[in-house]
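Visitor: Dumping the structure here so I can ask a few things about it.
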Amino acid sequence: MKLLTIFILSIFLVSCGTTVAVDYDKKIDFSKYNSYNYFPTIDSGLNELDDNRIMQITDSLMQQRGFIKSKTPQLYINFFARENLSNSRNTIGIGIGGGGGNLGVGVSGGIPIGGKVINQQLTIDFIDTEKDDLVWQAVADGEMKERATPLQKEAYYIAVIQKILAKYPPGKK
């Protein structure tokens, strides 16, 4: 039941506004990479729980794509996030109006609903371990509720990382 809930939440979140931009080295043959591990000193800017969520989800998705997690990897994965807090853009509108003849007056306003949201920019880098060069980078912009539950956070990261890895390797449809 938990997996079904996570799946439904991730489908909902995928359809909600997360955008992903990708950059990569055009000279690289990405088919030569088949092993990965995480950069030894990740400083993501997130808490340890979110770091672990991201690594577990990334492990699962990379292994589904045939990659092997190795102590001597061909790729290092690094990730970091920038976050800021803002009010929800959802509002309820209230309006007062009047008019008659050629005269009209109107006043309206919006009352924010839904609380604050965290705007997050998650960057994932793939680094060639042999050359110590950045070969692929994805930047995802998304948002989640400030008071998201662990289940909601997991669903959010599943949706975001699925969108990110859908763009790897470059040129693959």
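Where a number appears in this text, it was derived from the coordinates with a stated rule and is not lab data. Bear in mind that the values here come from a model prediction, so they are computed numbers and not experimental data. Don't worry about glycine lacking a Cβ; one is built from the backbone with ideal geometry, like all the others, and counts go over all protein chains shown.
Visitor: Applying the Karplus parametrisation 6.51 cos²θ - 1.76 cosθ + 1.60 with θ = phi - 60° to the phi angles of segment 28-41, what ³J(HN,Hα) value in whole Hz is obtained for each residue in order, glycine and proline being reported as x?
Guide: Calculated HN-Hα couplings, in order: 7, 8, 6, 6, 6, 8, 9, 10, 8, 7, 8, 3, x, 10 Hz.
Visitor: A further question follows. Taking the simple approach of a point 7 Å from Cα along Cα-to-Cβ for both V139 and Q63, what is their distance in nm?
Guide: 3.2
Visitor: Treating cross-link reach as a plain straight distance, find the aspartates and glutamates whose alpha-carbon is under 13 Å from the alpha-carbon of K145, omitting any fewer than eight places away in the same chain.
Guide: E83, E154
Visitor: Step through the table entries K131/K167; K26/K163; K32/K153; K32/K71; K69/K153; K116/K167, compare each Cα-Cα distance with 26 Å, and write down the pairs that go over it. Please list the in-between numbers first.
Guide: Values: K131/K167 23 Å; K26/K163 21 Å; K32/K153 33 Å; K32/K71 17 Å; K69/K153 24 Å; K116/K167 30 Å.
With Cα atoms farther than 26 Å apart: K32/K153; K116/K167.
Visitor: What spacing in nm lies between the two simple spin-label points modelled at N84 and V22, each 7 Å away from Cα in the Cβ direction?
Guide: The answer from the label model is 2.8 nm.
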